[in-house]
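Reviewing the structure listed below.
The values are calculated or read from the model by the stated rules, or taken from the named source; none is laboratory data. For clarity, every value in this text was computed on a predicted model and none was experimentally measured. Methodologically, a virtual Cβ is constructed for each residue, glycine included, from the backbone with ideal geometry; neighbour enumeration extends over all protein chains shown. Surface areas here come from the heavy atoms of the whole protein model, side chains and all, with no ligands, DNA or RNA. Shrake-Rupley method; radii C 1.70, N 1.55, O 1.52, S 1.80 Å.
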Protein chains: 2
Amino acid sequence: MYTKTELMEAHLRTQHLIHRTPVLTSAYFNRASSASLYFKCENFQKTGSFKIRGILNTLLSLSDEEKQNGVATFSSGNHAQALAYGAKLLDLPAYVVMPEDASPIKIRAVKEYEACVFYFKNEKGQREAVMEQVLAETGARFVHPFDAASTIHGQSGVAKELIEDAGTKLDTIVVPVGGGGIMAGTALAAAYFSPGTTVFAAEPELADDAFCSFREKRLIQRDFSRTQADGLKTNLGERNFRIMLELVNDVLPVSEAEISESMLAVWHRLKIMIEPSAAVGLAAVLRNKSLFEGKKTGILLTGGNIDLSAFPFKR
Amino acid sequence: MYTKTELMEAHLRTQHLIHRTPVLTSAYFNRASSASLYFKCENFQKTGSFKIRGILNTLLSLSDEEKQNGVATFSSGNHAQALAYGAKLLDLPAYVVMPEDASPIKIRAVKEYEACVFYFKNEKGQREAVMEQVLAETGARFVHPFDAASTIHGQSGVAKELIEDAGTKLDTIVVPVGGGGIMAGTALAAAYFSPGTTVFAAEPELADDAFCSFREKRLIQRDFSRTQADGLKTNLGERNFRIMLELVNDVLPVSEAEISESMLAVWHRLKIMIEPSAAVGLAAVLRNKSLFEGKKTGILLTGGNIDLSAFPFKR
């Protein structure tokens, strides 16, 4: 299911349609962390996040029959944009189920790519109910945001490129974990393409299902909506959890203050826009300095889609 | 004074100490402008702006005797950071005279590079008075922020690299004008390295001394402090004005709303941080669409040093 060949094929299948995003270094953050940091900038990826990698790998793996009525998904934002963009690229109808309180800028982006948007109330069971209705009415193929082999294969390209482009053997890679697609993909990429490179997952304390699940070695589901890291409000997927148990070293929780400070520090120092979810890796490194001291550390900056109107910057 | 050889020597003299910053393109901004835009990203330059180019060319051109007591300058921000950084790199003492209301983040950056900071009140003659006192007491060499041949030679490297890296012959280049160092350097670089490429200068309506001077063909000095583009609050220098009259096609003023909209659009769409002064080129292109329609247009994003606490983003 998760062979080295499948990861390599996913990368070959999609790489002509995506950006090979840059790897940045920063003397400032190296000093601040006492480590050597390599930032993989998926904020520059098509649609502003890594999600397009898994989408394209999935859509290009479907048969004509499987995708004849288009594709559909649910998502709080980045996966939705990626599905809409990928479907438009391949000339397929796209249906996206989003929470009514999703960021207006993300809803607008989905509509710009001509996808049809349906909304659900943020109450237990509502998302699934709306999704089922959309699938029944359209006959569209459901594309899971994170818990599918083709998605994991696609997301593994981020770490694969980082490993190839860092110019040095990485001691460790830190990856945000929400649903777990890029976490699982990163763990597999490290195991296959850079044996000996460890992987840490980072997540908000306010969405710490992966931390609890990893500690208790069973999948724990939670309700959470208070973290600013809107891309990580999702519970960990079943297959991603199994990969995590096998290949990830530890899960590192970070506070909301650490997330926003790390995000703003990246804006100021690297001069690039990242979203809160993308800042948890750096936040985890800065919080756990002894763990990363002297280490060549890859940090996945997973996306840059942000609604500035949500931030009161006056301090 | 401004030969092709001098421009090439300045680039050779400094390029090992600076970044060759990337040139970005954007399908979104191409659609929005009906042009093909090439963004030269000096926000990624050492110290966060192009200013380090002129500084290093100047410092490396000074004799040991000329710089034996260190170097000094006045600046509202980016030039100050660049002088402090350049002096530290070459192990020289640095003295910087800044307005008391300069951005706290810029003052902090200057101090981080270990320069000694002196403040002046924003009243006529105060800057010069403090500067003279500092020079008398320290014996430091004065380094002008924009109106010196070695500075202009250094700044010309931005357009030279853009011309070399765009991958196509540019029809035109749009450059912000404040004191005029990078405007003059860009005009010279276009004339020498890409004959036939026109140059437009862009400036805030609230700091339109270059616009008025260009129209009346005489240097007009003004007082202005209300533009958010803090890097462009300076009056045009004498030698830069002469180069402008000879080599620049026109000066395009833009409103404060156009500046902030263009800046935020760059943050959102290119996922990079630029400061207000860096947004005037794009603002001018979007305001004067008929002038740039179908044109391969280089836009100089001059810097990315921003104090987020100054921005109320809640809209």
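Figure note: B:144, A:79 ranked by solvent-accessible area, largest first, 1.4 Å probe, ligands and nucleic acids not counted: B:144, A:79. Couplings 3J(HN,Hα) for the stretch B:120-129, derived from phi with the Karplus relation 6.51 cos²θ - 1.76 cosθ + 1.60 (θ = phi - 60°), are 10, 6, 6, 10, 3, x, 5, 4, 5, 5 Hz, where x marks Gly and Pro.
Counting only Cα atoms, the stretch B:29-178 measures 54, 34, 26 Å along its principal axes, largest extent leading. Largest first, the three principal axis extents of the alpha carbons in chain B are 55, 48, 39 Å in whole numbers. Rounded to the nearest 10 Å², what accessible area does residue A:217 have for a 1.4 Å probe in the complete protein model? Solvent-accessible area, nearest 10 Å²: 140 Å². Within the shell of other residues whose beta carbon sits under 15 angstrom from the beta carbon of residue A:157, the net charge comes to +2, with Lys and Arg scored +1 and Asp and Glu -1. Note on the stretch A:11-93: percent of Cα-Cα distances in each 5 Å bin, starting at 0 and stopping at the bin with the largest distance, equals 3, 14, 21, 19, 14, 9, 8, 5, 4, 2, 1. Calculated mean residue ellipticity, 222 nm, the protein assembly as shown: -13000 deg cm²/dmol, from DSSP H runs (n ≥ 4) at -39500 (n - 2.57) each, averaged per residue and rounded to 500.
Dipole magnitude for the protein assembly as shown: about 340 debye, using +1 per Lys or Arg Cβ and -1 per Asp or Glu Cβ, origin at the Cα centre.
Over both sides of the B-A contact, add up the buried accessible area with a 1.4 Å probe and give it to the nearest 100 Å². That pair hides around 2000 Å² of surface in total. With a cut-off of 13 Å between beta carbons, the residues surrounding residue A:246 carry a summed charge of +3, where Lys and Arg count +1 and Asp and Glu -1.
Taking the centroid of alpha carbons for each part, the stretch A:80-128 and the stretch B:234-279 are 37 Å apart. Computed over Cα pairs, the Kirkwood radius of the stretch A:210-253 leads via Stokes-Einstein (0.692 mPa s, 37 °C) to a diffusion coefficient of 295 µm² per second. The stretch A:228-290 gives an Rg/Rh value of 1.03, both radii derived from C-alpha positions and Rh following Kirkwood. Direction-averaged projected area, Cα convex hull, the protein assembly as shown: 28.2 nm², rounded to one decimal. Between the C-alpha center of the stretch A:3-39 and that of the stretch A:178-215 there is a gap of 15 Å. Under a 5 Å amide H cut-off, with hydrogens placed 1.01 Å from N, residue A:252 pairs with A:201, A:202, A:203 among residues at least 5 apart or on other chains. Summary value for the stretch A:1-130: 17 percent relative contact order, contacts being C-alpha pairs under 8 angstrom separated by 6+ residues.
Pairs exceeding a 18 Å alpha-carbon distance, out of A:67/A:121; A:88/A:160; B:46/B:88; B:160/B:296; A:40/A:160; A:88/B:295: A:67/A:121; A:88/A:160; A:88/B:295. Report, to one decimal in Å, the Kirkwood hydrodynamic radius for the stretch B:156-257 based on all distinct Cα pairs. Kirkwood hydrodynamic radius for the stretch B:156-257: 13.6 Å. Given +1 at the Cβ of Lys and Arg, -1 at the Cβ of Asp and Glu and no other charges, the dipole of the stretch A:196-315 around its Cα centre is 300 debye to the nearest 20.
Just the protein heavy atoms count here, and of the accessible area of the protein assembly as shown at 1.4 Å, carbon and sulfur take up 48 percent.
Simple rule: put +1 on each Lys or Arg Cβ and -1 on each Asp or Glu Cβ in chain A, find the dipole, and look at A:266, A:237, A:33; the Cα lying farthest toward the positive end is A:33. Assuming charge only on the beta carbon of Lys and Arg (+1) and of Asp and Glu (-1), the dipole of the stretch B:196-259 about its Cα centre is about 280 debye to the nearest 20.
Counting only protein chains, not ligands or nucleic acids, how are B:152, B:163 ordered by accessible area (probe 1.4 Å), most first?
In descending accessible area the options line up as B:163, B:152.
In terms of solvent-accessible area of protein heavy atoms at a 1.4 angstrom probe, what is the ranking of A:137, A:205, highest value first?
Listed by decreasing accessible area, they come as A:137, A:205.
Counting only protein heavy atoms and using a 1.4 Å probe, the accessible area of residue B:188 comes to about 10 Å².
In a GNM of chain A with a 10 Å cut-off on Cα contacts, which of A:110, A:134, A:23 has the highest mean-square fluctuation? Checking each option, the largest mean-square fluctuation is seen for A:134. Which Cα, out of A:8, B:144, B:228, lies furthest along the positive dipole direction of the protein assembly as shown (beta carbon charges, K/R +1, D/E -1)? Checking the options against the dipole of the protein assembly as shown, the answer is A:8. With all protein chains kept in place, the per residue accessible area of the protein assembly as shown amounts to 39 square angstrom at a probe of 1.4 angstrom.
Our coupling estimate for the stretch A:188-203, obtained by passing each phi through the Karplus curve with A = 6.51, B = -1.76, C = 1.60 and θ = phi - 60°, is 5, 4, 5, 4, 7, 9, 8, x, x, 7, 7, 10, 10, 9, 10, 8 Hz, Gly and Pro reported as x.
To the nearest 10, the accessible area of residue B:62 is 20 Å² with a 1.4 Å probe.
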